[in-house]
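Beneath this line is the structure, given in C-alpha cells, with notes to follow.
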Amino acid sequence: MTSSVRPRATSHLDALESEAIHILREVAAAFENPVLLYSIGKDSSVILHLMRKAFYPGKPPMPLLHIDSTWEFREMTDFRERFARQQLGLRVIVKINEEGRRAGVNPFDFGSNAYTEVMRTQPLKEALTEHGFDAAIGGGRRDEERSRAKERVFSFRDRNHRWEPRNQRPELWNIYNTWRRPGECLRVFPLSNWTELDVWQYIEREQAPLPDLYLAKPRPVVMRGDDLIVVDDERMRLEAGEQPELRTVRFRTLGCYPVTGAVESTASTIGEVVQELIETRYSERQGRAIDRDEACAMERKKREGYF
Amino acid sequence: MTSGTIAPALSTTAVRPVEKDLLRFITCGSVDDGKSTLIGRLMLDVGAVYSDQIAALQMESEKHGTNGGEIDTALLLDGLEDERQQGITIDVAYRYFATEKRKFIIADTPGHEQFTRNMATGASTADLAILLVDATKGVLTQTKRHAFIVSLLGIKHVILAVNKMDLVAYDEATFDAIRGDFKRFASKLDITDVRFVPLSARHGDNVAEPSARMHWYEDGSLLHQLETIYVGSDQNLRDFRFPVQWVNRPDNVFRGFSGTIASGSVRVGEEIVVLPSGKRSRVRSIVTMDGTLDEAAAPRSVTLTLEDEIDVTRGDYLCRPGNQPHVGRTGEAMLVWMSETPLNQGRPLWFKNAAGRAVCEVESIRYEVDVNTLHRKQSDTLRLNAIGRCSLSFHQPIAYDAYEKNRKTGAFILVDRITHETLAAGMFLDYGLSGDLAGSEPRFLPARRVQSPIDDSHRLQRYGHEPFTVLLTGLPASGKTTIAKHLEKRLFSRGAVGVLLDGESLRHGISKGLGFSKEERSENLRRGAEIAKLINDSGQFCIAAFCAPEESMRQQFCEIVGRHRVVHVHLDASVAACRLRDTTGRYLAADNGEIYGFPGVTAEYETPATPDLTIVTEELIDLEAAAGKLIERLASGICSGGGSVAVAKS
C-alpha cells in the first residue's frame, strides 16, 4: 500500500510524534537494558503506541514494567493483560511490594505519602535494581506540575535512583547525553513537550487503545472531601454515612482508585473528551491527592526516586 | 457544583481543536527586566492557567508576592522549592501554551551568571528569541550578550520586547531610541529578522492585546507577533541528511534503517550514498506503521529500506551522491563551554552529534570571544560559560555540515569520558583542509622569509657532509621504517648529523588529526617535505619514510625539498609479501573495511617509474645490503648539479 506525502505542513502533533519516536529509538540504541514503565494510564498508552510506531515492523525491543500497587482499578490490570500482553505479545513484568501487601499497607490507614513510598517508590527502585535496567521510560510531561517544567528528557539518576535538580545535564538540540556507569540509570520522558490536550488529540487522531475509565459512564461513587471516589471493589472502606451512588463520571488521570478523583462528565467518546478538555477551567491533577499533600510534594518524592 | 465537575469555559470559542503548527521560542532578560512577569502574564492572558492554579497563585501572591496583594504572575514560574525559598532560578524551564493559531513551547532561561550555558541550551531548540529590555535602562551589555548568543546558536528571528513602558509614561521617543540602539548593534550579527514591541508586562499592555495607551505603535501585540511570524523558511529543505539511529532487523527478511530526517526530503527510488563508507544504493521503500510512503521530509522519523545489502550502521549518514556533507577527521567549531572544569587541550573526549559518537580532541583554541565586547582574544583554555573557536580532531572520519547551513548536522556536544558531564555545545564552521576557512579574515600579516645568518659552507665544515634527504617509499610493511632506522644508525656511527622522519610518527604530532583520504595523505607528505627542507637547510641529513602511493605526491615532495638533495629509494615488494610480513593487523583491517583507502588493498598504489634506487624486499629485508647500497649511492653523489654528497667523514 502506498500513499502520498501529506500535503499540509507538519502539524504540532506530527512534530511531537517525530520527536518522541526519535527519543524512543535513541533509548533502544544507546542503552543495554531499557524498560518502559507502564502505568496503564493515557500517557503510557500513548508511549506504547509511539513505541509500536518507532520499531515497526519489529516489536518494541524492551519489556514493560508495571509497578502494581495492588490498589489499581481492576479495569486497568485487565487492560494490561488483554492488550499489552496478549494482543501485542509484549513481555510485561509486574512488580508488587509483597512485604507491603502482607503488612496490609493501604491508602486509608497509612496516608498517601507513606502508602506511595511503600507501594510505588520502593518496589520501583527494587525492580530497577533487580533487573539491572539502565534506562526507564516514563510518561511524565512538563506541563503536569511545576517542578516537572525543569525535568530533562533524559534525566540522570544516581545509583540510589535519586534526582538532583542542581546536577542535571544540559540538554542541547536533540543530541542526548546517554552515558552512564554501571548501576546508574536514566529516566526518559518522550512526552516531555506534550500537554494534556496534545495527548488527547493524539489519541483521537491515532485511535490509540486505552482503558475505558477515561470515558464517562455511570459508576458507583462516594463524595469524599472534594473528591469523587469510585468504589471499585469490596476493599473500599466506607465511612459512616457514606452510601455509594451511581453518577456519570470519568477520569482525567488514573492512579490508585481510593485516592484518584473522578470528574462528572458526559464525554463518552474520545472526541467528546477532547472537546471537554478545551473548555475546562480545571487542571488535570486537581483529582490527585498526592500532589496536594504539601507544597513541593512532588519535587521531594522525585528526589527520593518517585517517577 | 463540586470542584470535581468540569466548569463551562470562560472563553466562548468552543471550536473543534485543530492541528496547529509549533513555534519554539526562548526568552532572555536580566534579573529585573520582568521576564517571569511577562511569561506569567502571557500564559494567564491566553488562558493557559487553570482556575485551580489561579486560586493557588492568589494564595501564594499574598504570601510571597511583590505586587501588593495583586496576582504576582512571576510566581507561576519559579517552580522548584529552592527557587522559591531562596529566590533563585536554577535552570532552563519549559512552558507550554496554545492559542487558536499555534502551539508554543517556551524555553525560559534565567538571567543569572550561568546565563551563557543556560541560554545556549534553551536557544539550541528555538526558532525565535524574545529579548527583554527595561525601558528605563535601554540596551545594556547584557542585552548585547544575549543577542550574540542567540545569533551564534542560529536563531534567525528576534523580538526585542521593551518592557516597563508604564515607567516611562508610554513614551514613543524612548522606545524609538532603544530601537535605534539595538538595530545598530544587531547589524553586526547574523540575525535576519528583528522586531520591536513596547509593552508593560505588569499591566498587560501589548502583551496579548494591543495597548490603548500606545496608539503610536501599530504592529500588534507580542502575542500577535508570536502567532504570525513565519519561521518555515528556516528549515533546510534542500540537503537530504538522514542519520541512521537504529538498524531495524526484526527477522531474516526485513532490514531497515530508522532515523529522523534531519533536513531535506527523500523519495522512493532515489540514489543514496552511505557516509563515511561511500557505498551507494537506492531507496527501496519508506516504511511507517501507517503504511509505506512515496516521499518523506524533515522532521519526520521514518524507516528506510535499500535496494542492496550494503553495510549500514548506527552513526552513518544517508545522503544524495550529488549533495554530501563534509567527511573528515578534523573540524573547526565554535564551542560554548559548560563545565566548571576548564577545557584541557589534547585530552580525548566523547563527541556526539545527530548521527552518533566518536572520540575527539580539541587540538587548539584559535581565539576566545569576549561576550561583553565581542572582541577576539588569545586564550589557552575555555572556562565555564566561555565561547571560543577551536580546531578538533577525531579518531575516525566524521560527517558534518557547517552549522550555519544546517542546524541539525552541524551541531554536537562534548562529554567527559570519566565523569560523563556534558562539557560543551559545539557548532561546526565552514570546513576546509588544514583550517583554511572560507569567509574568515586573515588573522596575521603575510609571513616573512627569515634568512639564516650562517653560511652553508660553515655548516658543511661543521658537519663534514652536505645536507641530503633519503626518501624511502613503498607499500605498508615493505620495510621502510626498518631500513630507515638501520640507515640512521649507520650514518650516525659515521659521524653524520641528521633526523629520521617517519610518515606514521608525524601523525602523532605535526599531522595529528589528519585522516587517510587521498587529500589528507598528500597533506601529510607535504608537511613531511617542508620539515625535510628545514632540516636540510640547517645542514643536516633527513631520512624520510613515507608510503607515498602516488607519483604526483612523490614529485611534489622532491620539488619542495629540492630535487638535487633527494635520493628517492623505492622498496619493491608485492602486496602479498607485505601482507605476510605485516604484524600490525592493518591489512586485515583494510580487508574488513575498517580502514578507509588503504594503498594496495582499497586504494591504488602506483609503482614509481624512475626511482633513484630500487631495493627489492620481496623475500627478506637484508638490512646490511640495503644500507650499504644506499651509502654507496650517497657517497657517489646524486645531484645533477655536480657536487657530491660526502657521507664519510674520514
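Check A:Arg159, A:Arg219, A:Arg141 and return the single one that is touching a residue at least 60 places away in the same chain (Cβ under 8 Å), within 29 Å of A:Lys95 (Cα to Cα) and not β-branched (Val, Ile, Thr). Only one candidate qualifies: A:Arg141.
Looking across region A:15-57, the residues that are more than 7 Å from chain B (Cβ to nearest Cβ), of a type in the set (Val, Ile, Thr) and in contact with a Ser or Thr (Cβ under 9 Å, 6 or more places away or on another chain) come down to A:Ile23, A:Val27, A:Ile40. Suppose we keep only residues that are among the aromatic types (Phe, Trp, Tyr) and in contact (Cβ under 8 Å) with a residue 24 or more places away in the chain within region A:162-196. Which one would you say is farthest from B:Ile105 (Cα to Cα)? So, considering only residues that are among the aromatic types (Phe, Trp, Tyr) and in contact (Cβ under 8 Å) with a residue 24 or more places away in the chain, the one farthest from B:Ile105 (Cα to Cα) is A:Trp163. Could you look through region B:298-321, keep only residues that are outside any loop (DSSP other than H, G, I, E, B) and within 20 Å of A:Pro57 (Cα to Cα), and pick out the one that is farthest from the other protein chains (Cβ to nearest Cβ)? Restricting to residues being outside any loop (DSSP other than H, G, I, E, B) and within 20 Å of A:Pro57 (Cα to Cα), the top hit is B:Leu306. For B:Ile531, the requirement of being over 30 Å from B:Asp311 (Cα atoms), of a type in the set (Val, Ile, Thr) and in a helix (DSSP H, G or I) is met. A:Glu81 satisfies every condition listed in (1) surrounded by fewer than 16 Cβ atoms within 10 Å (Cβ to Cβ); (2) touching a Phe, Trp or Tyr at 6+ places or on another chain (Cβ under 8 Å) except (2). Tell me yes or no: at least one residue of region A:132-141 is surrounded by 22 or more Cβ atoms within 10 Å (Cβ to Cβ), in contact with a strand residue (DSSP E or B) (Cβ under 7 Å, 6 or more places away or on another chain), farther than 30 Å from B:Glu60 by Cα and within 13 Å of chain B (Cβ to nearest Cβ). No; the residues of region A:132-141 include none that is surrounded by 22 or more Cβ atoms within 10 Å (Cβ to Cβ), in contact with a strand residue (DSSP E or B) (Cβ under 7 Å, 6 or more places away or on another chain), farther than 30 Å from B:Glu60 by Cα and within 13 Å of chain B (Cβ to nearest Cβ).
Among the residues making up region B:235-274, those that are more than 14 Å from B:Ala298 (Cβ to Cβ) and either part of a strand (DSSP E or B) or in contact with a Leu (Cβ under 6 Å, 6 or more places away or on another chain) (or both) are B:Trp246, B:Val247, B:Asn248, B:Gly256, B:Phe257, B:Ser258, B:Glu271, B:Ile272, B:Val273, B:Val274.
Okay, residues lined up against (1) of a type outside the set (Ser, Thr, Tyr); (2) within 20 Å of B:Glu404 (Cβ to Cβ); (3) modelled with pLDDT of 95 or more:
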residue: B:Ala129; (1), (2), (3): yes, yes, yes
residue: B:Leu132; (1), (2), (3): yes, no, no
residue: B:Val139; (1), (2), (3): yes, no, no
residue: B:Gln142; (1), (2), (3): yes, no, no
residue: B:Arg145; (1), (2), (3): yes, no, no
residue: B:Ile149; (1), (2), (3): yes, yes, no
residue: B:Gly154; (1), (2), (3): yes, yes, no
residue: B:His157; (1), (2), (3): yes, yes, no
residue: B:Leu160; (1), (2), (3): yes, no, yes
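Within region B:338-359, being within 11 Å of chain A (Cβ to nearest Cβ), part of a strand (DSSP E or B) and under 25 Å from B:Ile149 (Cα atoms) holds for B:Trp350, B:Phe351, B:Lys352, B:Asn353. Checking A:Val274, A:Val231 one by one, the residue that is away from chain B (no Cβ under 11 Å) and either touching a Pro at 6+ places or on another chain (Cβ under 8 Å) or modelled with pLDDT of 80 or more (or both) is A:Val231 and no other. On inspection, A:Pro170 qualifies as surrounded by 22 or more Cβ atoms within 10 Å (Cβ to Cβ) and over 16 Å from the mean Cα position of the chain (by Cα).
Residue-level check: of (1) in contact with a strand residue (DSSP E or B) (Cβ under 8 Å, 6 or more places away or on another chain); (2) surrounded by fewer than 23 Cβ atoms within 10 Å (Cβ to Cβ), B:Pro250 misses just (1). Scanning region B:259-315 for residues that are in contact with a helix residue (DSSP H, G or I) (Cβ under 7 Å, 6 or more places away or on another chain) and either assigned by TED's automatic domain parsing to the domain that holds B:Ile398 or of a type in the set (D, E, K, R) (or both) gives B:Arg300, B:Arg314.
The single condition from (1) at pLDDT 90 or above; (2) among the polar types (S, T, N, Q); (3) closer than 23 Å to A:Glu19 by Cα that B:Gln235 fails is (1).
Restricted to region B:558-588, and to residues there that are in contact with a strand residue (DSSP E or B) (Cβ under 9 Å, 6 or more places away or on another chain) and assigned to a loop (DSSP other than H, G, I, E, B), the residue that is surrounded by the fewest Cβ atoms within 10 Å (Cβ to Cβ) is B:Gly562.
The values are calculated or read from the model by the stated rules, or taken from the named source; none is laboratory data. Just so it is clear, the model here is predicted, and its values are computed rather than measured. Don't worry about glycine lacking a Cβ; one is built from the backbone with ideal geometry, like all the others, and counts go over all protein chains shown.
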